[in-house]
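Note sheet for the following structure.
The values are calculated or read from the model by the stated rules, or taken from the named source; none is laboratory data. All values derive from a computational prediction rather than experimental measurement. Because the Cβ atoms are built from the backbone with ideal geometry, glycine has one as well, and the counts that use them run over all protein chains shown. Just the protein is used for accessible areas: all its heavy atoms, side chains included, with ligands, DNA and RNA removed. Shrake-Rupley method; radii C 1.70, N 1.55, O 1.52, S 1.80 Å.
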Amino acid sequence: MKILVTGAAGFIGFHLIQQLVARGDTVVGIDNLNDYYAVSLKEDRLALLKALPGVEFRQIDLADREAMEALFTDHQFDRVCHLGAQAGVRYSIENPRAYIDSNVVGFMNVLEGCRQTKVPHLSYASSSSVYGANKVQPFSEEHNVDHPVSLYAATKKSNELMAHTYSSLYDLPTTGLRFFTVYGPWGRPDMAYFKFVKAILNGDSIDVYNHGNMSRDFTYIDDIVEGVIRVTDRIATVNESWTGERPDPSSSYAPYRVYNIGNNAPVSLLEFIETIEQCLGMEAKKNFMPMQDGDVPSTYADVSKLMADVDFKPQTSLKQGIERFVSWYREYYEV
């Protein structure tokens, strides 16, 4: 198949493209290579991708309507996997307009491209952050998610709403993927595990928010990619039993689906730090801090729908995943 992957130089896009090419797909990847974090890391990922057969790269901003229209006009995609976005919860407080440009305007351009060229299936990255103020766990796709606590989360929720509109109006099959704290080699430097490893190796202290009273459903990158591929291959269908009297937010009378992709095994922040310490053979110096604005105390994914529909559940243990990240980090940064 010919597959468009947006956010090609990003963490998940980089790993996804490698797996798609390995199974024989051709890939067109786009990315604007913005400087939210070190562009050099994105360029190094991209250099490895460009060396692969069957990969074409274009530097395009999702919000550039004309460039996006030309992209879809030039190609007939069998699938679109939309991972490109302005990431980060806390940065959305500092620079909110970047999130509207990339995550709302950019997503609109992707939807229009898919509609105009009749793409058979659009899968796209949502986020566990959409659960916001929800307290009932594990988080289920059937829960109401109308109370986001960050603009980033609100843009991801808006993506799900926009996708449903296009599924309903134009019969465009769409599938949203709510990722839960993705980590692993070649990851994002703004993520806690990356910051912790860097600080500990440098002998610096780490900030432990909410005084350590937090937990996350950490999900290893290889598991995320496997889930993305399985969901992308399975074209979203209508739910024949869906009813407006008891509307299920995860499906519809239209070809629309939403899935959690998480490890289904939350880990406390202090246990997470202890695992990093074990893998590094070093102890962290900890600064205990209050909760940050826009953050949530815990996440926990119900993945029963993912298992039922694509027969997959993430399985990589935290220790295995952190060991692989530390090994990559030491090699990449020569420490």
**Fill in**
Among V55, V238, V136, the residue with the largest mean-square fluctuation in a Gaussian network model of the chain built from Cα contacts under 10 Å is V136
**Request:** Enter the angle in degrees (range 0 to 90, nearest 10) between the Cα long axis of helix 192-202 and the first principal axis of the Cα atoms of the chain, meaning the one along which they spread out most.
**Result:** 30
**Entry for semi-axes √(5λ) of the Cα gyration tensor in Å (calculated from the structure that is shown) out of (i) 43, 22, 18; (ii) 31, 24, 18; (iii) 42, 28, 23** = (ii)
**Request:** State the answer as a single residue: which of P138, A154, G212 lies farthest towards the positive end of the charge dipole of the range 127-219, with beta carbon charges of +1 for Lys and Arg and -1 for Asp and Glu, about the Cα centre.
**Result:** G212
**Asked** Which whole-number value in Å² is the accessible area per residue of the range 1-136, probe 1.4 Å?
**Response** 41
**Prompt:** For the range 1-104, with equal point scatterers placed on the C-alpha atoms only and solvent neglected, what are the log10 I(q)/I(0) values from the Debye formula at q = 0.19 1/Å, to two decimals?
**Reply:** -0.94
**Prompt:** Per residue of the chain, what 222 nm ellipticity follows from adding -39500 (n - 2.57) for every DSSP H run with n ≥ 4, rounded to the nearest 500?
**Reply:** -12000 deg cm²/dmol
**Item:** Packing-based ranking, highest mean first, of 138-145, 152-159 given that Cβ atoms within 10 Å are counted
**Value:** 152-159, 138-145
**Prompt:** How far is helix 269-280 tilted off the main Cα axis of the chain, in degrees rounded to 10, range 0 to 90?
**Reply:** 70
**Asked** Pairing the Cα long axis of helix 151-170 with the longest principal axis of the chain, what angle in degrees results, from 0 to 90 and rounded to the nearest 10?
**Response** 20
**Cα-Cα pairs of the range 197-276 separated by more than 22 Å (percent)** = 52
**Fill in**
Rounded to the nearest 5, the percent of antiparallel DSSP beta bridges in the chain equals 5
**Prompt:** Which cross-chain or sequence-distant (5 or more) residues have an amide H under 5 Å from the amide H of K286, H modelled 1.01 Å from N in plane?
**Reply:** I206
**Student exercise, the chain dipole from Lys, Arg, Asp, Glu Cβ charges, in Debye to nearest 20** = 140
**Message:** Can you give me the C-alpha center-to-center distance between the range 185-262 and the range 287-335, rounded to a whole angstrom?
**Reply:** 9
**Complete:** Phi angles of the range 32-38, converted by Karplus (6.51 cos²θ - 1.76 cosθ + 1.60, θ = phi - 60°) into ³J(HN,Hα) in whole Hz with x for Gly and Pro, give 9, 6, 6, 9, 4, 9, 3
**Request:** Compute, for V225, the solvent-accessible surface of its heavy atoms (probe 1.4 Å) with the complete set of protein chains present, and express it in square angstrom to the nearest 10.
**Result:** 10
**Request:** With an 8 Å cut-off on Cα pairs and a minimum separation of 6 or more residues, tell me the relative contact order of the chain in percent.
**Result:** 18
**Request:** Report, in whole Å, the centroid distance computed from the Cα atoms of the range 113-165 and the range 73-106.
**Result:** 13
**Prompt:** Past the 26 Å Cα-Cα mark, which pairs from K42/K118; K195/K319; K157/K286; K118/K156?
**Reply:** K42/K118; K157/K286
**Prompt:** Rule-of-thumb check for the range 19-65: C-alpha Rg over 2.2 N^0.38 Å?
**Reply:** 1.24
**Message:** I want to verify a result. In a Gaussian network model of the chain, Cα cutoff 10 Å, which of these has the top mean-square fluctuation: I93, I12, I273?
**Reply:** I93
**Residue order for M68, M162 - accessible surface, 1.4 angstrom probe, largest first** = M162, M68
